[in-house]
Amino acid sequence: MIVEIHFQEGFSNEKAQLLVDGEVVEEFFLNTRFQLGMAAIKKVDAVRGTKVQVALPDRSIKQPVPVSHPYVKVSLEDGKLTVSPTDQMPGYV
Amino acid sequence: MSKKNNAPETPAPTLALSDEQHPDYQAYVYGDDADDSVAEAGGIGPDGPGVPIPPLNPIPDLPIPNIPGIPLRICSAVSGRYKLKTVLPPIGGPGIPILNLTSITVRVDVDRFYPQKRISIEVTRLLPRSTAHLIANVTSDQCTGLNRRKIQATIAYREGNNALIPGEKLLFEASRGIGIGYSNYKLTVTGAGTPTRVYNLDFVSQYFDDVEFEVDKVDNAGNPSTDYATHSHPNRPASLPNEVLSLESVYKRAGFNATISPNSTPIPATGAGANGTWSDSEMHNAMQTYWSRFANKPQWALWVLFANQHDTGYGLGGVMFDDIGPNHRQGTAIFTNSFIKDAPVGDANPAAWRQRMLFWTAIHEMGHAFNLAHSWQKALSGPGYNPWIPLLNQPEARSFMNYPYNVSGGQSAFFSNFDFRFTNEELQFMRHAPRRFVQMGNENWFSNHGFEAPQPEFFTGRYKLEVRPNRENNTYSFLEPVSIELKLTNTSAEPMALDEHLLQDGGHIVLFVQKDSGTVRKWEPLIVRCHQEHKSMLAPGESIYGTHLVSASTSGWLIDEPGFYNIQAGVDMLDEVVMSNVLRVFVAPSTDKEENKIAPDYFTEDVSRALVFDGAPELNKAMDTLKEVAEKLPGTPASLHAAKAVAGPMLKQYKRLEEKDGSLAVVAGKADVEEAARLQTAALLDAPQKAADTFGHIDYFQSLETLADALNDSGKKAEAKKVMSSSISTMKSRKVLSEVIEQAEAKAKNL
């Protein structure tokens, strides 16, 4: 199952990592584009049971991402990552 | 199967409700001595509670019967844009501006659509460059008679140079003259310790600014409509008027005189590249190619693109893509093949839902171009992005700038009480914030939103700027182009680093020309040179120079008819504006019938260009006119300029853009140095003092150098030497700087 991780609000030149089963599979920088409220969309091919995590190494934050839904919204609020799985494709305008 | 749950029948919508028919439009106020308080701005805004403005029944059309003993206290709307009444300023002496360089725009916002109960004032002084902006909260709004209105306000926001318009309180008065309607508008500014200032105003428009939208569609984007019938979908506020909204009508109600450009262009889908979807960069390229008004400068104009899909994919419904390049917020896009076409399963009228979402998205993206942030981002701040005034996030706002599907209850809840308007806070920003924050192509996207600290003005006395004719007298003959010389001297005791092109490139100087007792007109150079800044040190007492033909500007001829003219310049040095003396010149009347005959053909834009560019072969009529001047008015200063311009293109292999086999090609013409030299030698060397007088030193000696180079390159070394020898001799007789003479001598030696 493909899970789309939508990095949304609160990112400003933030170094981020995507981990699958503990391994860093992608490293990137996040900047929220204000006119969309979105920084990046990353896709992970995960089967049930796969452990997916997003990390902000400069903040020593690591957060699990559920793979139960096709979409997961991730924002940085007050220094913490909020993760919200959803069945509805997030739309931006 | 029954279809009773489908779209309910509604009366056909009125195409566009007139302002007076719309329940949110306040056309009149009535006088009431007992209550001059002011209702909350904007009535019940879509963002929270407010005190509603009592609905007013429109009064019947005038004439209104005058009932003896009962004074009529009915005042029609005054909201809109005003400017300082045009009054010709007195002529100043040296060092005093020859014109009133201050313009004042007043925006009164107390009635019509969604009044914000604000008065804002924008003051711009050109020389020395300075601006001020203030916003005042209305504290009292009285109608004291038939179209006699008094509105008081307290200044709550200031930006820029306070000294341009000091004070704390405003009084705006509108009153009748002889007729029924308003004809006198006056603004009084008062404050403790500051003199009271009264400004007489002219009404400009009921709108706060004019804006033009150009809507282009990519050929695979379908045929999206830019209108929306408000009753086409059953989920709506019960009070929503039944009408057809358009892009213009929404922005007109926001306070802008919005028009749609007639220059719409169908755009081929190939612009999106091989992948068929659009990147921001591809859209930016398309904007540059297809938008008829594209320019890298601030302007009240916006490009709106309807395309199929963005590179991001189906999840992107639209984007204000223009946050790249030097001028942001000029272009927006709406994607028809995206999630905005996905009506919820079981929706009562999916077609209307889709059209509403498309329309909403277009207005939303255009709102970003006005520098509006999303409703939940209003308070966002950080390095380089701050709200223009402290703002609160409004995640539940029923605004074009909120995401309908993110409010409590989702899109259904949003549209059930969405009135198709912006919030009061958004309207205050759009109508009253410093215009550079709002205007497209001006302040960067999401920046201001906050505001800069006031620019301090510096008057250091470090420089002296002189405008001079570089000839003994200031009298010019009829048709003679007026060239002036600018001289900027370091009057400080320290060496100064200066861009050596400062006076010559046309980008740093401001120049005004005023015919005696006539209008003051700004000179805009026909040539502006963009070059890499190259600073060199200017020792104390040293000067740099520049020369410009000031008779003609991009707006036409500024010096043409006989009479006296005043000329004053300023130079923008980033941290300081230096003003010049006022140069007074006289243009003598014509003494020759032939001059008067040629004059109508001569004082044209094309002739001015041909003169400034030293010839323009493509401007055939202009070149013919100059030939006529050279031949029929021999010996006159105008004929010298004309001959130089006619000969200019012949000095080299002049390149022209020509159509060949259906495509354009650059074709180099044949030089005719011999004929050019004959014409220019006669013009420049037969009477060198006279020629140097009319061309000015810089242009004259440069022209001789160019002629000498062309002669030398074509093997006529002796003639080239002769030209330089004459040049040096004239320089010496006119006491030109020794270093300039030395350079000319060195050049002559190397020929």
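Each reported figure results from applying straightforward, stated rules to the coordinates on display, with no laboratory input. Given the structure is predicted, the values throughout are model-derived calculations rather than measurements. Don't worry about glycine lacking a Cβ; one is built from the backbone with ideal geometry, like all the others, and counts go over all protein chains shown.
Take every residue in peptide B:376-383, count the Cβ atoms of other chains within 10 Å of its Cβ, and give the average of those counts.
Numbers: counts 2, 5, 0, 0, 4, 0, 1, 1.
That average works out to 2.
Based only on Cα atoms, what Rg/Rh ratio does region B:198-309 have, Rh being taken as Kirkwood's radius? Radius of gyration relative to Kirkwood radius: 1.08. Neighbouring Cβ atoms from other chains, within 10 Å of the Cβ of residues in B:329-340, number 1 on average. Only lysines eight or more places from B:LYS735 in sequence, or on another chain, were considered; those with a Cα closer than 25 Å are B:LYS464, B:LYS487, B:LYS644, B:LYS690, B:LYS721, B:LYS722, B:LYS747, B:LYS749.
Our analysis of chain B gives Rg over Rh at 1.04, with the two radii drawn from alpha carbon positions and Rh computed by the Kirkwood formula.
Taking only Cα atoms, what is the 0 to 90° angle, nearest 10, from helix B:280-290's long axis to the longest principal axis of chain B? Here the helix axis deviates by roughly 60 degrees.
For region B:460-589, take the convex hull of the Cα atoms, compute a quarter of its surface area, and give me that in nm², please. So the mean shadow area of the Cα hull is 8.1 nm².
Dividing the summed -39500 (n - 2.57) terms of all DSSP H runs of n ≥ 4 by the residue count of chain B sets its mean residue ellipticity at 222 nm at -7000 deg cm²/dmol.
With Cα atoms defining each centre, region B:538-605 and region B:360-422 are spaced 51 Å apart in the structure. Spin-label model, A:LYS15 to B:GLU466: label points 7 Å out along the Cα-to-beta-carbon direction sit 6.2 nm apart.
Across peptide B:361-374, the average count of Cβ atoms from other chains found within 10 Å of a residue's Cβ is 2. Pairing the Cα long axis of helix B:593-602 with the longest principal axis of chain B, what angle in degrees results, from 0 to 90 and rounded to the nearest 10? Around 40 degrees separate the two axes. Reported to the nearest whole Å, the Cα centre-to-centre distance from region B:721-749 to region B:678-707 is 13. Averaging the sequence gap over all C-alpha pairs within less than 8 Å and six or more residues apart, then dividing by the number of residues, gives chain B a relative contact order of 9 percent.
Normalised by 2.2 N^0.38 Å, where N is the number of residues, the C-alpha radius of gyration of the protein assembly as shown stands at 1.16. Taking Cβ separations below 4.7 Å as the criterion for a possible disulfide partner, the isolated cysteines in chain B are B:CYS530. Relative contact order, whole percent, for region B:460-589 stands at 34, derived from Cα pairs under 8 Å and 6 or more residues apart. When Rg and the Kirkwood Rh are both derived from Cα coordinates, the Rg/Rh ratio for region B:136-263 amounts to 1.13.
Rounded, prolate or oblate: which fits region B:203-242, taking a ≥ b ≥ c as square roots of the Cα gyration tensor eigenvalues, rounded meaning a/c under 1.5, else prolate when a/b beats b/c?
Values: a/c = 4.81, a/b = 1.07, b/c = 4.52.
Here region B:203-242 falls in the oblate category.
Hull volume per residue, based on the alpha-carbon atoms of region B:530-608 and their convex hull, is 152 Å³. Alpha-carbon geometry of region B:602-671: the Rg and the Dmax are 13.3, 45 Å, given in that order.
In percent, rounded to a whole number, the relative contact order of region B:686-751 is 27, using alpha-carbon pairs under 8 Å and six or more apart.
Measuring how big chain A is from its alpha-carbon positions, Rg and Dmax come out at 12.2, 36 Å. Computed from the Kirkwood radius of its Cα pairs, the Stokes-Einstein diffusion coefficient for region B:209-438 at 4 °C and 1.567 mPa s stands at 72 µm²/s.
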